[in-house]
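Report on one structure; see the data block that follows.
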Amino acid sequence: MTQSLALAHLLLTASKSSSSSSAFLTLLPLLAIGVLGYFFFIKPQQRKAQAARAAQGSGIEVGDEVQTVGGVIGTVLEIHGDRYTLLTGALGDDGNLDGPQPTRIVFVRQAIAKKIERVEDVGTGDDAPVEDVRPSSSTNGSGKSTDGDIDDVGGDSAPTTGEHGGEAEEA
């Protein structure tokens, strides 16, 4: 027998052998579990989804900066129904994009995660080039560097006399 047939057989035998109130008491725990499951699991999910739908439609307009679910950050250029055209890149002082060619990407509304606040570019204040800060290497008398090259196993100043570093012996 399948499970549903076994359950139906069980209910029929229970109803035949006892009164209808006894059958109701048998089904009451199952009914209570179903009602509690609805209020503890399904209803909160519906509320959360409704709040998310209300938050998504909240005030994204042309000129706002948004972040997509994929992490793309851009400025909304156009809105056509549920399609949003974003312009990616950093805006300069004059409102134009600095740097390479700007990119226009069209996203559907569900792909836009949230509206974000604009971040002002923080510069150094002057356009001076950044200096390379490396430790200076010292040289020994032979003009070779002694800054500890990794590929120089014996070192630059180590004499190589003989097989084991000592004077060569004659046989």
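Shown is the FRET efficiency for residue 79 and residue 36, computed with R0 = 41 Å from the Cβ-Cβ distance and rounded to the nearest 0.05: 0.40.
Would you kindly state how much longer the chain becomes between residue 9 and residue 108 on full extension, computed as 0.36 nm times their sequence separation minus their alpha carbon distance, in nm to one decimal?
Gain on extension, residue 9 to residue 108, equals 30.4 nm.
Neighbour counts of C-beta atoms inside 10 Å place 48, 115 in the sequence 48, 115, starting with the fewest. Counting other Cβ atoms within 10 Å as a rough exposure proxy, the listed residues 73, 112, 33 run 33, 73, 112 from fewest neighbours to most.
Values in this text are rule-based calculations from the coordinates and carry no lab data. Owing to the predicted nature of the structure, the values given are computational and were not obtained by experimental measurement. Glycine gets a Cβ as well: all are built from the backbone with ideal geometry, and neighbour counts include every protein chain shown.
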